[in-house]
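Some notes on the structure that comes next.
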Amino acid sequence: MKLKLPAPPVPDQLKPTPRRPDAPPKGGPLDTAKEAGKSAVDWVDERTSLSGGARWMMFRKVPKGTNWFYTLGSATMFAFLNQAVTGVFLAMYYDPSPTRAYESARYITNEAFLGEFVRGMHKWGSTVMVILVFLHMARTFFFGAYKYPRELNWVIGVVLVVLTLIMSLTGYLLPFDQRSYWATIVAMNINGTGPLVGPYLADFLLAGPEFGATTLSRFYAVHMLLVPGLIAALIGAHLYLVAKLGTTAPPWLKADDDPALRTEEA
Ligand code: HEM
């Protein structure tokens, strides 16, 4: 027996609008399929209101005179994403044990499908990221973007640049060839001479008083879990502040040129 339930008490505004007599007839399955993406996004948005956040993040006013130098932050972010994606594929083959590391890296380059390409992208990408992060830092410095109210974003940036360098340092050991081994010994000896925290930091990184069997896995954990996690979280905070505070106008733009920049005194 078919049970007829009463219609839900939906307010008039939420009831579907009746089809206009001159509207084209409703499409078949093909039209429905074409709308599938939109419907799926609508479905998620109705339950999360995420589109408001996306609009807030992406549709912002930017000052007059914004130029290519303002793309350096996004370029750094894409370099980081490249490192994250290629790093995931390298981790599928890499083995951080002192007896297997070199061989697994050799296997990636010589035998794994597209291994040399992915390893090359990761290796050269690391250099690109370091160069970009410094260029971006220089851009924000010379445009005076570190001043009020963006000091906190500058401080987050300083932590990001240090973390990027820690990524380079810890990644350098992973191929575990002669060069990476001795470079790490030198770096840790320098590190150990640092004032106050130096010896403790070297102890922590080496996982003991000197280079030992667990040093490699310590570097690997720092390189692929700890620091990338911190970088991702800090990039999130960094971008939140960029969206909230807006970007700085180029220093050569006079307040008189743009009413939005005029202050009380100007
Ligand atoms: C992983 C590293 C980093 C990423 C992914 C990143 C990303 C970004 C992006 C996308 C922007 C907005 C667009 C732009 O102005 O370029 C930005 C702005 C900014 N960044 Fe970074 N950034 C990083 C590191 C740094 C560093 C090292 C500093 C300085 C020490 C810094 C300081 C700033 C400041 C002050 C702004 C605001 C710029 C303005 O108001 O004009 N960032 N960052």
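Readers should treat all values here as calculations from the given coordinates under stated rules, not as data from a laboratory. As the structure is a computational prediction, the values presented were derived from the model and not from experiment. Note that each Cβ is placed from the backbone with ideal geometry, even for glycine, and that neighbours are counted across all protein chains shown.
One table, with the values for the structure above:
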read-out: Of the chymotrypsin sites (Phe, Trp or Tyr not before Pro) in region 10-81, those whose Cβ has at most 11 other Cβ within 10 Å and which sit in DSSP loop; value: Phe59
read-out: Residues Ser126, Ser97 arranged by fewest to most Cβ contacts within 10 Å; value: Ser97, Ser126
read-out: GluC sites (Glu not before Pro), loop per DSSP, at most 10 other Cβ atoms within 10 Å - longest free stretch of the chain; value: 112-263
read-out: Order of Asp22, Asp31 under a 10 Å beta carbon neighbour criterion, fewest first; value: Asp22, Asp31
read-out: nm² value of the averaged projected area, convex hull over the Cα atoms of the chain; value: 27.9 nm²
read-out: Two-site label geometry, Arg20 and Glu151: point separation in nm, points 7 Å out along Cα→Cβ; value: 5.7 nm
read-out: Residue exposure sequence - Ile231, Ile190, Ile185 - by fewest surrounding Cβ within 10 Å; value: Ile190, Ile185, Ile231
read-out: Thr193/Ala36 FRET efficiency (R0 51 Å; Cβ-Cβ; nearest 0.05); value: 0.25
read-out: Environment charge of Ser104, counting only residues whose C-beta is closer than 15 Å and scoring Lys/Arg +1, Asp/Glu -1; value: -2
read-out: Vicinal HN-Hα couplings computed from phi for region 220-227 (Karplus, 6.51 cos²θ - 1.76 cosθ + 1.60; Hz; Gly/Pro x); value: 5, 5, 5, 6, 10, 10, 4, 6
read-out: Cβ-derived FRET efficiency at R0 30 Å, Val88 paired with Ala237, nearest 0.05; value: 0.85
read-out: Proximal lysine pairs, the chain, alpha carbons under 25 Å, eight or more residues apart or interchain; value: 16
read-out: Under 11 Å, Cβ to Cβ, from Val242 - net charge with Lys/Arg +1 and Asp/Glu -1; value: +3
read-out: Trypsin sites (Lys or Arg not before Pro) restricted to region 166-261 and DSSP loop, no more than 13 other C-beta within 10 Å; value: Lys254
read-out: Computed Kirkwood radius, in angstrom, where 1/r is averaged over Cα pairs of region 129-234; value: 15.2 Å
read-out: Sparse-neighbour loop sites [chymotrypsin sites (Phe, Trp or Tyr not before Pro); region 107-173; at most 13 other C-beta within 10 Å; DSSP]; value: Phe113
